[in-house]
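Notes to accompany the following structure.
Each value in this text was obtained by applying a stated rule to the coordinates, not by laboratory testing. The structure presented is a predicted model; accordingly, all values stated were derived computationally and were not measured. Positions of Cβ are backbone-derived with ideal geometry, glycine not excepted, and every protein chain shown enters the neighbour counts.
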Amino acid sequence: MAKITLDNLAHSYMPNPSSEDDYALKELNHDWVDGEAYALLGSSGCGKSTLLNIISGLLHPSQGRILFDGKDVTQTTTAQRNIAQVFQFPVVYDTMTVRQNLAFPLKNRGEDPNYIAERVQQIGQMIGMEATLDRKCRGLTADAKQKISLGRGMVREDVNALLFDEPLTVIDPHMKWELRTQLKKLHHDFGHTMIYVTHDQTEALTFADKVVVMYDGRVVQIGTPEELFETPAHTFVGYFIGSPGMNVLPAQVDGATAHVSGHAVPLGDGYAVSGRKVEIGVRPEFCTLTRDEGLPVRINRIEDVGRHKIVRASFEGHDINIIAEEGQEVGADMTRVTFDPAHVNVYADDWRVAPHGARKGEAA
Amino acid sequence: MTLELRGVSKVVGGQTHIHPTDLTLDKGTMNVLLGPTTAGKTSLMRLMAGLDVPNTGKIFWQGEDVTGMRVQDRKVAMVYQQFINYPSMSVYDNIASPMRIIGKSRDEIDAAVRKSADLMKLTPMLDRKPLELSGGQQQRCALARALVKDAGLVLLDEPLANLDYKLREELRIEIPKIFEEAGSIFVYATTEPEEALLLGGNTATLWQGRVTQFGPTPEVYRQPVDATTARVFSDPPMNFLQMTKRGDALHFGDGQNAPASGKLAQLQDGTYTAGFRPNHLEINKHSGEAMAFSAELVVTELTGSETFVHLNHDGARWVGLFHGVHKLTIGEALTVYLDPKHVYIFDEDGSLVAPASYALAA
């Protein structure tokens, strides 16, 4: 396993990029800590695949260096980098047994047969296929084949990193839970450096120690799931993480109070804000419907999504979504909404503003 | 306007894809077919559309037998997971194409295309080619084409499965609104319970070629008729626990006992399976009646606002979903709580014998 360093890295698919807009991946400096599990999250076209391809060596960056444990590997091939990859669709040899498929990377490297047998058994058990190790892969379900692909990606203990590119896309929802659990367990047991690319927030948040959120070729936030939820660094993170995403309202901020169309909204801390566009952001989880307190809203729709309700409301043309508990009554007279002050964030030109008395653990 | 399936079945190469099925869908309704891959969703849609002829049973459209009628002669539109557009035509011509085929007048076509494009927020893109659009816009173009036909029956086979989840979120809000306006019968296949809940309407749960239940979506979710339906309509998966009822006590597989209070007191003595959803398992004891279970923590997953715990309870895999972020250690012994009001009781055949009492109130 290795620490992976991105040094001054950027990439443009154009021969002579002239402005920042020409870069599919904008300048980035980052250390991927040895043994951590990362997710790269963003919508299609955000640059996450470009970044993954640079790390794996399928693409050579137009600027900057990539280092594995301090050693420059920018110009080396994928094979020389000694990494394992798992792709969106299963890659298995149909004519081979499950055991042969799992053993393949070890055999290629001329490992000791006793070691191979033992290791394959271990991986087979881990992916829950020890009973079918001697079955031919032909005719297995897509789920089973993807498990084998995951197992094969994990079979070598000496790889520098494990890269996953949307590995659970073809998997049924129920099986996703099982496979994700196994991946998580494998990471816990073996401590590989893992980088997992996905556009699915649940997958990213549940898999990773740290999530790297990308938007328009730029890394907008790297943080734990909790940080992305509690203190989104950019309004895009607020929108992209969470279902529904964070509510954003234009505001004037004066100390510990925000003014939204003349209504005072208390904040959890004091702010000094400058910027052309000032907004407050509050997640639906921290909004409460009331009868006589808070912003007056119009309720447009109430969706029963099982374990909770999503109340879709609007305030002067701005959408406000509110999450209410499963059993909670939403009376016709509940037309006001309050925000939990501790969970209202302030944004200037889309970037989060740290409060004066910065709370512990927050970046300025 | 109704679509009625009476005893419809489909056997392919000796394999039963659809067991005899009765189903009636009404005008202006959204009907979700929910089930895992290979449950029979697409097979059932193909029968509804007339793309396949059933082996047994009949299909009625507004009371008229259309069982053998070709798909071309029916008023049906279908949208697939892999969006299909004509790449060389503009968005306008793509949307107009089904109306041109049936020879509508230029004015009629124009009015319908503009209305449909407006609903799908494609008006500024009518002159573009599909490949110049984003994935979400391409799928909206395919949806607009399905709407423009004014088909009585619109079949959508996992139409959002290939899109980014934020786009799906957007379209899931838009789609039910559009359906309300259009007044057709909509059938929407999905593998995801959450999608069914967001779409609302009615849901038919499918499992191994059988419709296990059909009714208003929240009702099927909260009052499943059997353990199979409950399992299909639960993500993360429902948890199960074996138990025996003897006299006024419940005895669980792990040696625990609880009083058989409330409606459970009326159960006949015997062996049952208790089922409960992950979000009803709790890490703190909120109610005096809550039962306590000890389990080993296998894995935790944090979403930032919630914690998923994967547990090993007496050899069974359970999933719990707790509010807030809980930092727990893998391998640690946990005590988790469950309020009896959240427990469904199934008999040995999996049929529901007692619904969770909270669900009757909800």
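Let me know the shape class of the range B:1-49, please: from the alpha-carbon gyration tensor, a ≥ b ≥ c as square roots of the eigenvalues, rounded when a/c is under 1.5, otherwise prolate if a/b is greater than b/c, or oblate.
Because a/c hits 1.5 or more and a/b fails to exceed b/c, the range B:1-49 counts as oblate.
Enumerate the whole-percent occupancy of each 10 Å bin, from 0 to the last occupied one, for all C-alpha pair distances of the range A:248-353.
15, 47, 28, 9, 0
Could you tell me how many degrees, from 0 to 90 and to the nearest 10, lie between the Cα long axis of helix B:106-119 and the main elongation axis, the longest principal axis, of the Cα atoms of chain B?
30 degrees
Kirkwood hydrodynamic radius (Cα pairs, Å) of the range A:58-175?
15.5 Å
Please report Rg (one decimal) and Dmax (integer) in Å for the Cα set of chain A.
Using the Cα atoms of chain A, the pair Rg, Dmax is 24.0, 75 Å.
Would you work out if the range B:291-350 is rounded, prolate or oblate? Take a ≥ b ≥ c from the square roots of the eigenvalues of the alpha-carbon gyration tensor; rounded if a/c is under 1.5, else prolate when a/b is larger than b/c, oblate otherwise. All intermediate terms of the calculation are to be shown ahead of the outcome.
On the way: a/c = 2.10, a/b = 1.60, b/c = 1.32.
Cα axes put the range B:291-350 in the prolate bin.
Using only the C-alpha atoms of the range B:2-232, find the volume of their convex hull and express it per residue in Å³.
Working: hull volume 28.4 nm³, N = 231.
Enclosed volume per residue, from the Cα hull, is 123 Å³.
To the nearest 10 degrees, how steeply does helix B:135-148 sit against the main Cα axis of chain B, on a 0 to 90 scale?
With both axes taken from Cα atoms, the answer is about 70 degrees.
Please list, in order, the residues from the range A:41-56 whose amide nitrogen is less than 20 Å from a point placed 7 Å along the Cα→Cβ vector of A:D72.
Once the point is set 7 Å along Cα→Cβ of A:D72, A:54-56 turn out to lie under 20 Å by backbone N, inside the range A:41-56.
Rounded, prolate or oblate for the range B:94-153? Axes are the square roots of the Cα gyration tensor eigenvalues, ordered a ≥ b ≥ c, and the cut-off for rounded is a/c under 1.5.
Details: a/c = 1.88, a/b = 1.59, b/c = 1.18.
It comes out prolate by the Cα gyration axes.
Which residue, chosen from B:S9, B:Q213, B:T203, occupies the Cα position most advanced towards the positive end of the dipole of the range B:2-232, where the dipole is computed from +1 (Lys, Arg) and -1 (Asp, Glu) charges on Cβ about the Cα centre?
B:S9
When only alpha-carbon atoms count, how far does the range A:119-175 stretch along each of its three principal axes, as whole angstroms with the largest first?
So the extents along the principal axes, rounded to whole Å, are 32, 27, 19.
Which whole-number percentage describes the relative contact order of chain A, with Cα contacts under 8 Å and a sequence gap of 6 or more?
15 percent
May I ask for the Kirkwood hydrodynamic radius of the range B:239-361, worked out over all distinct Cα pairs and given in angstroms to one decimal?
Taking every pair of different Cα atoms in the range B:239-361, averaging 1/r and inverting gives 14.9 Å.
So which residue, out of A:P17, A:P232, A:P90, gets the largest mean-square fluctuation from a GNM of chain A using Cα contacts under 10 Å as springs?
It is A:P17.
Compute the Rg to Rh ratio over the range B:1-127 from the alpha carbon atoms, using the Kirkwood formula for Rh, and round to two decimal places.
Details: Rg = 17.4 Å, Rh = 16.9 Å.
Rounded to two decimals, Rg over Rh is 1.03.
Rounded to two decimals, what ratio of Rg to Rh does the range B:102-243 give with C-alpha atoms and a Kirkwood Rh?
On the Cα set of the range B:102-243, Rg over Rh gives 1.06.
Per-residue ellipticity at 222 nm for chain B, helices alone: DSSP H runs ≥ 4 residues times -39500 (n - 2.57), over residue total, nearest 500 deg cm²/dmol?
-7500 deg cm²/dmol, from helical runs alone.
When a footprinting reagent is the concern and you count Cβ atoms within 10 Å, what order do B:I330, A:I83, B:I178, A:I322 take, fewest first? Let's see the in-between values first.
Values: B:I330 14, A:I83 23, B:I178 17, A:I322 27.
In increasing order of surrounding Cβ atoms, one gets B:I330, B:I178, A:I83, A:I322.
Largest first and to the nearest Å, give the Cα extent of the range A:1-119 along each principal axis.
So the three principal-axis extents are 55, 31, 25 Å.
Going by alpha carbons, how many degrees (0 to 90, nearest 10) lie between the helix axis of B:91-101 and the longest principal axis of chain B?
70 degrees
In what sequence do B:M45, A:M14, A:M96 fall when counting other Cβ within 10 Å, fewest first?
A:M14, A:M96, B:M45
Can you tell me the FRET efficiency between B:M89 and A:R65 if r is taken as the Cβ-Cβ distance and R0 is 30 Å, rounded to the nearest 0.05?
That pair, B:M89 with A:R65, gives E of 0.05.
Which percent of Cα pairs goes in each bin when the distances of the range B:58-135 are cut into 5 angstrom slices starting at zero?
Computed distribution, short to long bins: 3, 13, 19, 21, 17, 12, 9, 5, 2.
Antiparallel DSSP bridges in the range A:4-235: what percent, to the nearest 5?
Roughly 50 percent of the DSSP beta bridges within the range A:4-235 come out antiparallel.
When the convex hull of the C-alpha atoms of the range B:158-235 is computed, what volume per residue in Å³ does it have?
96 Å³
Given the convex hull of the Cα atoms of the protein assembly as shown, what is a quarter of its surface area in nm²?
Averaged projected area of the protein assembly as shown's Cα convex hull equals 36.1 nm².
Work out the FRET efficiency for A:F89 and B:T38 from their Cβ-Cβ distance, taking R0 = 25 Å, and round it to the nearest 0.05.
0.90
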